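Student: Mind looking over this structure? Questions follow.
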Amino acid sequence: FTRAVDFGYSFSIEETFEKWGRDDITADYVRLIRMIRPDVIVTLPPTGDAGGQHHMASAVITRDAYKLAGDPTRYREQIKDGLRPWQPAKLYHSAGFGFSGEPQATGRITRIDSGIYDRLLGKTYAEIGAEARSMHKCQGMGQLLSLPAPAAQSSYQLVETSLPGQMDRDETSLFDGIDTTLPGLARFAGPRAPKDLTDRLGAIRDAVQSAQNDFQRVGAEAVVKPLLSGLSAVRALRHDLRAMAIDESAREEIDFRLRQKEYEFEHAVLVA
């Protein structure tokens, strides 16, 4: 996803930076963060003395980019191109990835059970991961796909966060402390968000919940009506955001996410 040149195996982070151009690739990472606007970033551990050092170099750059993406004075050419600063809420390292020489993770570790079966997808998350890994054809990985079974927990260490006090809390999810609900988008408008905005975000959430409930009770054919209702509500809110008493930054943040939600509604309607 960057302009980095894949120059083959390397035993040195310094060599990797020399070939890539550290500031160039950091700029690419910052651009991606500002485009995608993630709440959470997960990367590999940045140290270890085995394995291609591209892995570690990418982790070092990720941490740099995490800190720089929210600073409007850095990479100003991106701001001139129309991107806006964005500070992700959390940065995690994979804890115990398995590289030789990797330091033992310290501090609070979040453990995620990837062996949970998703009955809608018909697979465990570990199976999906193994299937993805098998796509690395040139590395000959994961040619024997795993069967459903209890899987080892995946562990993650929180190393950076913009959430006050989050480093001191025990976590059960990578999204702990982050409001990921649709009504939660009103936070971008500040503590006194317009009631019309909060009510209409709640109505979109209700349409989703209605579709989910109808799917459980009846089946796919029953979800078309509530999905169309939600789609219409998203489109209407996107249109009316322009006239709401919120600042331009809030309007852009909310619309950015509603645009994605509109696509998800469209896709769900077509599938149903």
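The values are calculated or read from the model by the stated rules, or taken from the named source; none is laboratory data. Everything quoted here is computed from the prediction, not taken from an experiment. As a convention, Cβ positions derive from the backbone with ideal geometry for all residues, glycine included, and neighbour counts pool all protein chains shown. To get the accessible areas, we keep the full protein, side chains included, count just its heavy atoms, and leave off ligands, DNA and RNA. Shrake-Rupley method; radii C 1.70, N 1.55, O 1.52, S 1.80 Å.
Student: Contact list please: Cβ distance under 8 Å, first residue in the stretch 214-239 and open to solvent by 60 Å² or more (accessible area, probe 1.4 Å), second residue assigned to a loop (DSSP other than H, G, I, E, B), pairs at least six apart or on different chains.
Tutor: Glu221/Ala272
Student: Please count how many residues of the stretch 238-272 are closer than 18 Å to Asp196 by Cα and under 19 Å from the mean Cα position of the chain (by Cα).
Tutor: 6
Student: Here is a follow-up. Can you find, within the stretch 26-46, the residue that is farthest from Lys80 (Cα to Cα) among those that are open to solvent by 20 Å² or more (accessible area, probe 1.4 Å) and β-branched (Val, Ile, Thr)?
Tutor: Of everything passing the filter in the stretch 26-46, Val42 is farthest from Lys80 (Cα to Cα).
Student: If you don't mind, another one. Against the condition without any contact (Cβ under 8 Å) to a residue 40 or more places away in the chain and of a type in the set (Phe, Trp, Tyr), how does Phe7 come out, does it pass?
Tutor: For Phe7, the condition - without any contact (Cβ under 8 Å) to a residue 40 or more places away in the chain and of a type in the set (Phe, Trp, Tyr) - is met.
Student: Inspect all residues belonging to the stretch 5-17 and state whether any of them is crowded, with 20+ Cβ neighbours inside 10 Å, outside any loop (DSSP other than H, G, I, E, B), at pLDDT below 95 and among the polar types (S, T, N, Q).
Tutor: yes
Student: Take the residues in the stretch 108-122 that are open to solvent by less than 70 Å² (accessible area, probe 1.4 Å) and touching a residue at least 24 places away in the same chain (Cβ under 8 Å); name whichever of them is farthest from Ala95 (Cα to Cα).
Tutor: Result: Gly115.
Student: Oh, and also: Could you tell me how many of the residues in the stretch 163-213 are under 22 Å from the mean Cα position of the chain (by Cα), of a type in the set (D, E, K, R) and surrounded by 12 or more Cβ atoms within 10 Å (Cβ to Cβ)?
Tutor: Residues that pass the stated criteria total 6.
Student: Of Arg251, Arg257, which residue is touching a residue at least 60 places away in the same chain (Cβ under 8 Å) and open to solvent by less than 50 Å² (accessible area, probe 1.4 Å)?
Tutor: Criteria check complete, one pass: Arg257.
Student: Then there is this: Kindly list the number of the only condition in (1) over 18 Å from the mean Cα position of the chain (by Cα); (2) surrounded by 16 or more Cβ atoms within 10 Å (Cβ to Cβ); (3) not in a loop (DSSP other than H, G, I, E, B) that fails for Leu158.
Tutor: (1)
Student: Can you tell me which residue in the stretch 58-80 is surrounded by the most Cβ atoms within 10 Å (Cβ to Cβ), limited to those that are among the hydroxyl-bearing types (Ser, Thr, Tyr) and assigned to a helix (DSSP H, G or I)?
Tutor: Among them, the one singled out is Tyr66.
Student: Taking Gly70 and the conditions (1) small (Gly, Ala, Ser); (2) modelled with pLDDT under 95; (3) under 22 Å from the mean Cα position of the chain (by Cα), which numbered condition does it fall short on, given that it satisfies the others?
Tutor: The single condition Gly70 does not satisfy is (2).
Student: Is it the case that Ala243 is buried (at least 18 other Cβ atoms within 10 Å of the Cβ) and among the small types (Gly, Ala, Ser)?
Tutor: Judged against the criteria, Ala243 is not a match.
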